[in-house]
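First the structure, in the form of structure tokens, and then the observations on it.
The values are calculated or read from the model by the stated rules, or taken from the named source; none is laboratory data. Given the structure is predicted, the values throughout are model-derived calculations rather than measurements. Don't worry about glycine lacking a Cβ; one is built from the backbone with ideal geometry, like all the others, and counts go over all protein chains shown.
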Amino acid sequence: MPPAPFPDPDAPEPAGSGPQPASPGGNDGHPQPAEPAEPPWSGDEEEAAAYLGELMAAAAAGEELTAGDISGAGFGQDGTAHQMHPGPVLATLVHAATTDGKILATLPDDDLIGVIAAVRRIGSFAAWAEMTAIREYATRPDRSRPAPDTKPGGRGAARGLDGRDPNAAVAGLPGAPKVRQFAAEELAPDLHLTWQTAAGQIVYACSVAARLPVTFAALRAGQIHPVHLRIIEDETTYLADQYLPEADAKLAEAARSKTFGELRYHAHRLVLKLDPDSALRRKNEARKDAHVRPFREASGNAGMSARELPPDEVLASWQHVDQRARDLRAAGIPGTLKELRVIAYLDLLQERDSRTTPPSPGHDTHPGNLADADGAGGTRETGGTGETALPATSRR
């Protein structure tokens, strides 16, 4: 453990030091809480840097840091480590603090919160580093293969992939990045991803680096969380290019002090203010992906989802389901309104009326093995949606 540097003898006496008046209530036998220890440096940046340098030298020499060392590094509010950007020094301090249960158990609450915040800053830097490396690998020229020809796409192209070629998704981005052929397939095995997910990460890394440089830099500095970046990227996807620099700067600053929900709300309002037409572009582009899909629940039951539908038709359809459920209740069908909506939903889809012909009780003929209901002996994935399609005999 390195010795703490001596404070400046001419510095004013810190507040709270010296003799303290007795508590008006006296000592009732319970130990008085200890006053927070002053850091071993007096706030001078040079002394703080020297102290941290000594800690790093001690750690490099194999010495174990103590709780006093971690507290002295300034993880508390406005301390040196609390304001430190992600890097090897912060990582060393966090490693020492979190891998020793005794240190964690003895750290004051303020310092422990500072350690947790430091871990999140390091996580943000790690996310930035991963995306930067993915982008470098994907866009590095590959002399062994010719670069694929790409056609410039609209703003909506940045939302997805064109077949197996992510170049169509990054076409038109600032800097005109070109993704080399088979980059996703080559990345996928080492990252334990499907090629579709790897291609999606390539597109995302290229997009945020090119379109949101200020926000991307804030992620590197640990000032925002990766979810903040994802929210900003999503909300600005259809924003016209001339408004991007302003939105990028304002949202990067706002994200430093907002929760995920607050940032989503703020970003949505800002984008509408800058470019009101972007809302219509987003809606029209997303409607191209309208679909109805059956899927298997993790419980073994099934579900059905319909996405990107016209709002007025969804509202009318919901009112139709709700009214049918109320009609079932009026007809004496037992169940809560929630349960009756399920019956009404299935009635309308299957053109039946449970008021006159009640459905037979549900029975799973293949409990625990719905995949073999059609004799296929397996399931198929539905393109990265996280849902598993039902067997063919169940899709009627």
* Test each condition in (1) surrounded by 13 or more Cβ atoms within 10 Å (Cβ to Cβ); (2) assigned to a helix (DSSP H, G or I) for Q319 and report the one that comes out false. => (1)
* Go through the residues of the stretch 241-252 one by one and say whether even a single one is surrounded by fewer than 17 Cβ atoms within 10 Å (Cβ to Cβ) and of a type in the set (A, V, I, L, M). => yes
* Structure fact -> Over the stretch 243-278, the set of residues among the small types (G, A, S) and in contact (Cβ under 8 Å) with a residue 24 or more places away in the chain is A247, A249, A252, A255, A267, S278
* To do: Exactly one condition in (1) in a loop (DSSP other than H, G, I, E, B); (2) more than 21 Å from R211 (Cβ to Cβ); (3) at pLDDT 50 or above is not met by P148; state its number.
  => (3)
* To do: Kindly list the number of the only condition in (1) at pLDDT below 95; (2) surrounded by 13 or more Cβ atoms within 10 Å (Cβ to Cβ) that fails for H268.
  => (1)
* Structure fact -> By residue number, the members of the stretch 302-314 that are under 18 Å from A344 (Cβ atoms) and surrounded by fewer than 11 Cβ atoms within 10 Å (Cβ to Cβ) are E313
* Of the conditions (1) part of a helix (DSSP H, G or I); (2) farther than 19 Å from R220 by Cα, V89 clears all except one; give me its number. => (2)
* Answer with yes or no whether G74 is in a helix (DSSP H, G or I) and closer than 30 Å to A217 by Cβ. => no
* To do: Pull up the stretch 235-251, narrow it to residues that are modelled with pLDDT of 95 or more and acidic (D, E), then point me to the one that is farthest from the chain's Cα centre (by Cα).
  => E246
* Would the stretch 94-105 turn up any residue that is crowded, with 19+ Cβ neighbours inside 10 Å, within 23 Å of the chain's Cα centre (by Cα), at pLDDT 75 or above and not assigned by TED's automatic domain parsing to the domain that holds R211? -> yes
* Would you confirm whether any residue within the stretch 296-314 is part of a helix (DSSP H, G or I), in contact with a Phe, Trp or Tyr (Cβ under 7 Å, 6 or more places away or on another chain), outside the structural domain of E235 (by TED's automatic domain parsing) and modelled with pLDDT of 95 or more? => no
* For L280, indicate whether it is out of contact with any helix residue (DSSP H, G or I) (no Cβ under 7 Å at 6 or more places or on another chain) and part of a helix (DSSP H, G or I). => yes
* **Residues of the stretch 183-218 satisfying the condition of being of a type in the set (D, E, K, R) and over 18 Å from V170 (Cα atoms)** => E186, D190
